[in-house]
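Here is the structure we will look at.
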Amino acid sequence: MEIINEATYQAAAKVAGTIEAHFQKHLSAAKENGEDDLAVVPASRQVEKIIDVAFWASLRKEEGNPIRISLAFLPPTQAGKPLLFAKPLLLTPQLLTKLAPGVERPGIHIGVWPINGELHVWGTTIKLPNLCFVLDVSEPGLLVVKHRRAAGLGKFTNVAVLRGDQVKVVNEDAGQLPDSPPILKSLLGLTSSCLWNNGVNVLIQIAVSMRAHKRGGILLVTPSNSDAWRESIIQPLQYPISPAFSGVADLLKYDGKSVTEIFWQNALRREVENITGLTAVDGATIVNDQQELLAFGAKIARAKDAWPVEQVLMTEPVEDGMPTLVHPSAIGGTRHLSAAQFVHDQHDSIALVASQDGYFTVFSWSHQQQLVQGHRIDILLI
């Protein structure tokens, strides 16, 4: 199973060993916990080769369109009912470029497995074993290594992001810092729920969708048992919702009896897109912790008798990333400053901020540090 060809994309060699160690760690823990249907860990040379080939393919175009594909390391025997080629094909940038138009839709993975020491593509699959190595080509020069969660539901867990010569490896321990918000812990796979109708999982779907529309936006999540948030919003509201819209909230009460799970998941995706679309409107979209929509296009203001926010403890969940105290104006524009001010005034709320350039920040209050924390999580949302 030794891969002979040397990689020419140097970042692949730089990160391959770290990625192999990550998968070995998680697979060993899963075996100890008695979990089944577990994937095979790719060797570092195999990881290096897959990344190298995918990177050069990502810089190509097919009929003028950029390449968007997902590669999974697994044998056909672990792929459920796969689509099999009559003969496996050698993994090359040219092959991936030609296949891309037919496999670019979400949920379709190109199956890769070694044959006689060389990596081959054997077909495609929509089913993966637990903790399966997956490499997504998201845009030219941008690759994301991730794995399927052991529970099999929710967003895949990101392991590393490679953008050109820049490599960022996710630090799972970042979610164990004091007062880390639930959305960060879930994205890092520390407290993820296997239930689709989990409020944090829904919030992650909204965050992914907010980042995808590329218009920027703010989502404020407030306590359902308090109206104190109104003190930090300019009145009257431009687009108040009355009664509160409960499209997502009603679906969170799904009990598995009234409709099929697939029908419910599709309905939830539509409601998430409904909410997410409103975040593109100038101003903040406001929901409570039950996912009920309260208003959109809201203008944030400093609460009466509140102090201006002077500093934010910024963190990014990557290896060698150190928390840094910065003024909120240094994080981004007025959108970030107003969101930080809102959380500074409303300690029981969180603010999700999407930038037009793809950056994504979650602001929350740290009771231990007694200040606003800013968590850069775009590396976990790609």
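The values are calculated or read from the model by the stated rules, or taken from the named source; none is laboratory data. Every value quoted in this text rests on a predicted model; they were computed, and no experiment measured them. Heads up, the Cβs are rebuilt from the backbone with ideal geometry, glycines too, and the neighbour counts pull from every protein chain shown. Just the protein is used for accessible areas: all its heavy atoms, side chains included, with ligands, DNA and RNA removed. Shrake-Rupley method; radii C 1.70, N 1.55, O 1.52, S 1.80 Å.
Using 5 Å bins from zero, what percent of all Cα-Cα pairs in the range 251-343 falls into each bin?
Over the range 251-343, the share of Cα pairs per 5 Å bin runs 2, 11, 15, 14, 14, 14, 12, 9, 6, 3, 0 percent.
Tilt of helix 93-103 relative to the longest C-alpha principal axis of the chain, in degrees (0 to 90, nearest 10)?
60
Cross-link candidates for Lys253: which lysines have Cα within less than 29 Å, leaving aside residues fewer than 8 places away along the same chain?
Straight-distance partners of Lys253: Lys127, Lys155, Lys185.
So how far apart, in nm, are the two label points at Gln238 and Ile262 if each is 7 Å from Cα heading toward Cβ?
4.2
Taking only protein heavy atoms and a 1.4 Å probe, what accessible area per residue, in Å², does the range 228-382 have with all protein chains in place? Let's see the in-between values first.
Values: 7680 Å² over 155 residues.
The answer is 50 Å² per residue.
So for the range 10-169, Kirkwood radius off the Cα pairs, Stokes-Einstein at 4 °C and 1.567 mPa s: how many µm² s⁻¹? Before the final figure, lay out each step's value.
Values: Rh = 15.6 Å.
Once the numbers are plugged in, D ends up at 83 µm²/s.
Looking at the chain, I'd like the Rg to Rh ratio, where Rg is from alpha-carbon atoms and Rh is Kirkwood's inverse mean 1/r.
Working: Rg = 21.9 Å, Rh = 22.1 Å.
Here Rg/Rh amounts to 0.99.
Rg/Rh for the range 73-155: what does it come to with C-alpha atoms and Rh from Kirkwood? Kindly include the intermediate steps, with their values, before the conclusion.
Numbers: Rg = 12.6 Å, Rh = 13.4 Å.
Rg divided by Rh gives 0.94.
For the chain, which whole-number percentage of the solvent-accessible area (1.4 Å probe, protein heavy atoms only) is attributable to carbon and sulfur atoms? Don't skip to the answer; put the middle values down first.
Values: 9230 of 17840 Å².
That share works out to 52 percent.
Would you mind checking the pairs Lys25/Lys98; Lys61/Lys81; Lys146/Lys214 and listing those with alpha carbons more than 25 angstrom apart? Please report the intermediate quantities before stating the final value.
Details: Lys25/Lys98 35 Å; Lys61/Lys81 30 Å; Lys146/Lys214 22 Å.
As for pairs spanning more than 25 Å Cα to Cα, those are Lys25/Lys98; Lys61/Lys81.
Protein chains only, probe 1.4 Å: how do Met210, Met322, Met314 rank by accessible area, largest first?
Details: Met210 0, Met322 145, Met314 25 Å².
Highest to lowest solvent-accessible surface, that is Met322, Met314, Met210.
Can you give the log10 of the normalised intensity I(q)/I(0) at q = 0.17, 0.26 Å⁻¹, computed with Debye over equal Cα scatterers of the range 163-248?
Treating every Cα as an identical point scatterer, log10 I(q)/I(0) equals -1.02, -1.37.
Report the charge-dipole magnitude of the chain in Debye, nearest 20, computed about the Cα centre from +1 at each Lys and Arg Cβ and -1 at each Asp and Glu Cβ. Spell out each step's value before the answer.
Details: 33 positive and 38 negative charges, 176 e Å.
I would put it at about 840 debye.
Just the number, please: Stokes-Einstein D of the range 176-380 in µm²/s, Kirkwood Rh from C-alpha pairs, 4 °C, 1.567 mPa s.
The Stokes-Einstein estimate is 75 µm²/s.
Can you sort Lys185, Lys87 by solvent-accessible area, 1.4 Å probe, largest first? If you can, show how the numbers build up before the last one.
Numbers: Lys185 65, Lys87 150 Å².
My answer, sorted largest first, is Lys87, Lys185.
May I ask you to give the solvent-accessible area per residue for the range 51-113, in square angstrom, as obtained with a 1.4 angstrom probe? Working shown, then result.
Values: 3300 Å² over 63 residues.
For the range 51-113, the solvent-accessible area averages 52 Å² per residue.
So if I take the alpha carbon set of the range 83-226, get Rg, then get Rh from the Kirkwood formula, what is the Rg over Rh ratio?
Values: Rg = 18.0 Å, Rh = 17.6 Å.
Ratio of gyration radius to Kirkwood radius: 1.02.
Keeping all protein chains in the complex and leaving out DNA, RNA and ligands, what accessible area do you get for Glu231 with a 1.4 Å probe, in Å² to the nearest 10?
130
If Val47, Val208 are ordered by their accessible area, calculated over protein heavy atoms with a 1.4 Å probe, which sequence runs from highest to lowest? Don't skip to the answer; put the middle values down first.
Values: Val47 0, Val208 50 Å².
From most accessible down to least: Val208, Val47.
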